[in-house]
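Trainee: Have a look at this one before I ask anything.
Nothing in this text is a laboratory measurement; each read-out follows from the coordinates by a stated rule. All values derive from a computational prediction rather than experimental measurement. Neighbour counts run over all protein chains shown; Cβ positions are idealised from the backbone, glycine included.
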Amino acid sequence: MDYDRAYANGPFIPGAETFPPRWAKEAGAFRAALGRRARTAIPYGPQPRNFLDLFLPETAPLGLLVFVHGGYWLRFDRDLWSHLAAGAVARGWACAMPSYTLAPQARISAMTQEIARAVEVAASLVPGPVVVTGHSAGGHLSARMGCSDVALSAVKRVVPISPLADLEPISLTTMNDNLRLDEAEIAQESPALLTPRPGIEAHVWVGAQERPAFLWQARLLSEAWSCPWRPESGKHHFDVIDGLTDPASPLLAVCLG
């Protein structure tokens, strides 16, 4: 099996190259429109990328949604995704978006620890329940926030979007030159091989038009955790996150309903 091809998204999405510039434009416009309700570059740890942005609703927040970005643990940061907070903010929730140290500077186990710390810091700023979602590699990290080895009592629900739940296939791609996954870390960091924290709610989301490998990963996590999963009709890996911008979307209902 060609694992690089199996986990390649862009070559199978028409106009894939247009998505990051559009995300950047929409994210910048959202931050500008929110004005003082966009609190950017809040530090949560000692590393150069240990900052989060916090987007606030017009009234006292009902709770906190944390979104963890993707990019195969190798690329991107929080600045590209700010507009995905729009739906939560419109529903009266705060939304936090952290950056985190990427590979090869950090291993995935260290990223898990950083995101846990980011969630703790964001939760200290916003009263109420905490929901963690994330996309792709961020879907993996959001699922890790629901695992029994991560002590985050404020987190009531995780909604991994297109998550990478079993890291063994990723270790067979050329990306592993930088990720450096080994057997021990695969066992330690694969949510599908771990148990969910008692009392945590989980719902896995994925685009119905995604690569077969991502549909398999989503189904695997839902079966391992005995939680619901939903393949969203017509959505691929790059637009499956669009529902986060819409307060009335089924995805946001699963996150915050």
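Trainee: Spin-label point model (7 Å from Cα, Cβ direction): what's the PHE12 to ALA184 distance in nm?
Mentor: Each label point is offset 7 Å from its Cα along the Cβ direction, giving 3.4 nm.
Trainee: Ok, one more. Where in the chain are the DSSP H helices whose C-alpha atoms run 24 Å or more along the long axis and whose mean Kyte hydropathy is at least -0.5?
Mentor: 108-125
Trainee: In nanometres, what is the gap between the two model label sites at ASP246 and THR59, each 7 Å from Cα along Cα-to-Cβ?
Mentor: My value for the distance between the label points is 2.5 nm.
Trainee: Hey, another quick one. Around ASN178, with a cut-off of 13 angstrom between Cβ atoms, what is the net charge of the other residues, counting Lys and Arg +1 and Asp and Glu -1?
Mentor: +2
Trainee: Once fully extended, how much extra length lies between SER233 and LEU74, figured as 0.36 nm per residue of separation less the alpha-carbon to alpha-carbon distance?
Mentor: Taking SER233 through LEU74 to full extension adds about 54.4 nm, to one decimal.
Trainee: Sticking with this structure for a sec: Rounded to the nearest 5, what % of DSSP beta bridges with both residues in the chain are antiparallel?
Mentor: Restricted to the chain, the bridges split so that about 30 percent are antiparallel.
Trainee: Hey, of [x] 0.92; [y] 1.23; [z] 0.98, which did the structure itself give for Cα Rg over 2.2 N^0.38 Å when calculated?
Mentor: Checked against the structure: label [x].
Trainee: Once amide H atoms are placed 1.01 Å from N in the peptide plane, what residues at a sequence separation of 5 or more from ARG230, or on another chain, have their amide H within under 5 Å of its amide H?
Mentor: Hits under the 5 Å cutoff: VAL204, TRP205, VAL206.
Trainee: To continue, here is another question. Over the chain, what is the relative contact order in whole percent, taking alpha-carbon pairs under 8 Å and six or more residues apart?
Mentor: 19 percent.
Trainee: So what's the gap between the Cα centers of the stretch 47-91 and the stretch 172-215, to the nearest angstrom?
Mentor: Computed from Cα coordinates, the inter-centre distance equals 21 Å.
Trainee: Something else now. Gain in length, ALA24 to ASP149, computed as 0.36 nm per residue apart minus the alpha-carbon separation, to one decimal in nm?
Mentor: 41.5 nm
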